Amino acid sequence: MERRHFDASWKRTVYCGSVGSGEENRNIVLNGWLRRRRDLGGILFLELWDHTGTLQVVINPENFSEELQEEARGLRSEFVLAVKGTLRVRPEGTENSSMPTGRWELLAEDFLVLSPSAPLPFELHEADRVDENLRLRHRYLDLRRDKMQRNLRVRHDVARYTRDFFADRAFLEVETPFLTRSTPEGARDYLVPSRVNPGHFFALPQSPQIFKQILMISGCDRYFQITKCFRDEDLRADRQPEFTQVDVEMSFTVEEDIFLLLEEYIQGLFARVLGEEVTPPFLRMSWKEAMSRYGSDKPDLRIPMEIVDLREVFENSSMEAFAALLARGGAVRGLALPRGGALSRKQVSLLEERAKELGAKGLGAFQIKEGILKGPLCKFLDPSASEKLQELGNLREGDALFVVADEDWKKACTVLGQLRLELAREHDLVEEAWRFLWVVDFPLLDWDEEESRWVAVHHPFTAPKEEDMDLLEKAPGEVRSRAYDLVLNGNEVGGGSIRIHDPRVQGKVFEALAFTPEAAEERFGFLLKALGSGTPPHGGIALGFDRLVMLLCGAKSIREVMAFPKTQKAQCLMSGAPGTVESQQLEELFIKTVSSDNPEKA
RNA sequence: GGGGUUGUAGCUCAGUCGGUUAGAGUGCCGGCCUGUCACGCCGGAGGUCGCGAGUUCGAGUCUCGUCAGCCCCGCCA
């Protein structure tokens, strides 16, 4: 027989998932992958899949030559087929109501195998239960599933909406370079050696921060970009070495403009992608309040548990360690767990262990059982203190209260903040909702023990609050910045700030960061020069695009919404990146490696 | 760098107190079956129990080490 091939006559006339009423009895052609096969001996049913869905194909041997019957019996999972035939309503009683196209089927008249497939390493319909390792190694198969196709499509929809949203509001999309200069502050850079400049390196951008500020100085007025950023740090479920940001910057702007713009953006996004309503304005909360009440700078407001101050209970109690700690300026904080009274001694001691792991010196526990407050610390509390404790913790019958004391107020809060998250998950206390929050008034600087100097909490170009400027020299840790984060259900989905537009202020901040004028000149000279050439007040925000898409998809990890993500060791299991290179390539770059496999143990 | 957890057939898992030939479901291969839809029925192949030591008469099981995946802490301006 003449060898047939994929010519124009075999091109699909309709997608598998989009057949519908009004098309009955038409001749159609489908192209797709064979998802399932049910061979009844005579009649043969195929489920043909493409990214739009699946349609049942009927192969009745009576309509086919011996040769094609034989070929049909040899069809296997994920073969790529073109099928010609008549679309028809299924015979009465054979409809499948659990299938979107279950009223129809294609009565095949001819088919062509376009490509065979080797047996699969895992079954596609069970991929959600399969080792992620395996899915990543065979990502082309993993992505050939409705769920992953849907995630990719949501991602596409978010990107498209984003582009339209900002373009409609006179934002200019500008590409900034990937081959750029290493920035000493912040995350580790990915480095790229320059062949034509021996011994010199590019760095892949951690964010387009400096470039977008320079675009403002250039008079671009409003800029946005959906762009990759790179950080060579350890990975998490919501962190990849390369990730995508929606980067936004505006000139002649103040915080309120950014909040309004982003709230409108988010409202439209949720309406468009999920058809759900979220209503601005979003709650705003100072960093200090967030830390104090939730022990986190990205509190999950779906959890109805709050950290409380127990100073009043313990400052005059006979628990001398706590009283002394409080007198020295330390903190005693508590977190109530509804129905935590039922926790066993073992469960409580596991929690105590966990608190220690998180850096607490210990964990005090109270439980109310049958109207009586119980716990090892009870003996230090007189009746009024005991009452005060129950009142502050808002304790009811059957509840528990956990107490952490620490010299450092922040430490006490963050330990309880982490326990809050873990307890809420364990005891199913996380409400179903979209809870947005702006966290504002971040500290500008944070003391770095290792380097024994102040470092920027956000980045070194964040503007300090005008009213805190005079603290910059006296009490750097007290200075608040004009930075803000957008938080959704405990995830930081965006962060930004009003930037410094006065070169003198920028100089002072560099000074506070212990950069000598020479070091500042060496590292950021071009920015300082630009700042001194007519800089509009400006500010902006960067949204974590992958995280946003993850939340919209209801996914547990950003890997689920990235086509080709990397593992925790920053490897691509499919392509095998990173890999070794030819020694000639290294020579060209004037690079010598110390040891090819394990430099640390060499 | 640290803590936790997982690793047994292609895949998902079971494997008792250390005991003879390591099982199930599914997939794969072969046979039967003309309205199935997770098709059904019958048969078959398929194992470096992650890897390496050790204890023991005997190790999938116990001990130590090691590798890999994932989650978390540190880190992520």
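Here are the numbers:
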{"read-out": "Scope the stretch A:24-56; condition more than 21 Å from residue A:73 (Cα to Cα) and either surrounded by 15 or more Cβ atoms within 10 Å (Cβ to Cβ) or free of Cβ contacts under 8 Å to residues at least 40 places away in the same chain (or both); matching residues", "value": "A:28, A:50, A:51, A:52, A:53"}
{"read-out": "Subset of the stretch A:121-141 [open to solvent by 30 Å² or more (accessible area, probe 1.4 Å) and either on the phi > 0 side of the Ramachandran plot or near RNA strand B (Cβ under 6 Å from one of its atoms) (or both)]", "value": "A:121, A:123, A:126, A:129, A:130, A:131, A:132, A:133, A:134"}
{"read-out": "Positions within the stretch A:527-554 being more than 26 Å from residue A:242 (Cα to Cα) and either in contact (Cβ under 8 Å) with a residue 40 or more places away in the chain or surrounded by 23 or more Cβ atoms within 10 Å (Cβ to Cβ) (or both), in sequence order", "value": "A:530, A:531, A:533, A:534, A:535, A:536, A:537, A:538"}
{"read-out": "Residue pairs meeting the criteria (Cβ under 6 Å; at least 6 apart or on separate chains; first farther than 23 Å from residue A:200 by Cβ, in the stretch A:587-602; second modelled with pLDDT of 50 or more and within 14 Å of RNA strand B (Cβ to nearest atom))", "value": "A:602/A:595"}
{"read-out": "Residues satisfying the stated conditions in the stretch A:449-465, i.e. near RNA strand B (Cβ under 9 Å from one of its atoms), open to solvent by less than 40 Å² (accessible area, probe 1.4 Å) and in a loop (DSSP other than H, G, I, E, B)", "value": "A:459, A:460, A:461"}
{"read-out": "Filter result (more than 8 Å from RNA strand B (Cβ to nearest atom) and not basic (Lys, Arg)) within the stretch A:434-447", "value": "A:434, A:436, A:437, A:438, A:439, A:440, A:441, A:442, A:443, A:444, A:445, A:447"}
{"read-out": "The stretch A:559-570, residues that are more than 9 Å from RNA strand B (Cβ to nearest atom) and buried (at least 16 other Cβ atoms within 10 Å of the Cβ)", "value": "A:560, A:561, A:562"}
{"read-out": "All positions within the stretch A:423-448 that are of a type in the set (A, V, I, L, M, F, W, C) and either open to solvent by 30 Å² or more (accessible area, probe 1.4 Å) or not in a loop (DSSP other than H, G, I, E, B) (or both)", "value": "A:423, A:424, A:430, A:433, A:434, A:436, A:437, A:438, A:439, A:440, A:445, A:447"}
{"read-out": "Top-ranked residue of the stretch A:65-91 - restricted to ones that are away from RNA strand B (no atom under 13 Å from the Cβ) and farther than 27 Å from residue A:145 by Cβ, ranked as nearest to the chain's Cα centre (by Cα)", "value": "A:68"}
{"read-out": "Residue within the stretch A:405-421 that is assigned to a strand (DSSP E or B), closer than 30 Å to residue A:371 by Cβ and modelled with pLDDT under 95 present", "value": "yes"}
{"read-out": "Selection from the stretch A:180-214 of residues that are surrounded by fewer than 14 Cβ atoms within 10 Å (Cβ to Cβ), within 13 Å of RNA strand B (Cβ to nearest atom) and farther than 25 Å from residue A:453 by Cβ", "value": "none"}
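The values are calculated or read from the model by the stated rules, or taken from the named source; none is laboratory data. All figures in this text were calculated on a predicted structure; none of them were measured in a lab. Glycine also receives a Cβ, built like all others from the backbone with ideal geometry; neighbour counts cover every protein chain displayed. Protein only, heavy atoms only, side chains kept; ligands, DNA and RNA dropped before computing areas. Shrake-Rupley method; radii C 1.70, N 1.55, O 1.52, S 1.80 Å.
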